[in-house]
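Engineer: Quick one: this structure, given as structure tokens, is what I'll be asking you about.
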Amino acid sequence: MAKQKKGSVPEAISASLLRMGAALDEQGMVHQALTPYLKLITRYPDSQEASVATERVLAIAEDMRQRGQNHTAMAVFDRLEAAHQGW
């Protein structure tokens, strides 16, 4: 069995979390998409996927704000801030 390079498991997990969030997001399940996005940001903050997830969470919150869902948007911004504080 070939040895895996160091860091390949976290990279695979962060990529999977991003794909899961994106799939839910594309299906219009934005509230459900937040969970894998925020988990990715919290657990793998230095990954390339974390910056993509951050952009997606910001876009989701901004869309909510533009739709007049201000309380929900603020809750999403708060969750994102908490995820970043975990860094």
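Computed from the coordinates by the stated procedures, all read-outs in this text should not be read as laboratory data. It should be emphasised that the depicted structure is a prediction, and the values quoted were computed from it without experimental measurement. We place every Cβ from the backbone using ideal geometry, glycine too, and count neighbours over all the protein chains shown.
Engineer: Could you list, in sequence order, the residues of the range 49-78 that are surrounded by 18 or more Cβ atoms within 10 Å (Cβ to Cβ) and not acidic (Asp, Glu)?
Structural biologist: Correct list: Ala50, Ala53, Thr54, Arg56, Val57, Ile60, Ala61, Met64, Ala73, Val76.
Engineer: So, in the range 43-71, of the ones that are assigned to a helix (DSSP H, G or I) and within 17 Å of Ala12 (Cβ to Cβ), which residue ends up nearest to the chain's Cα centre (by Cα)?
Structural biologist: Ala53
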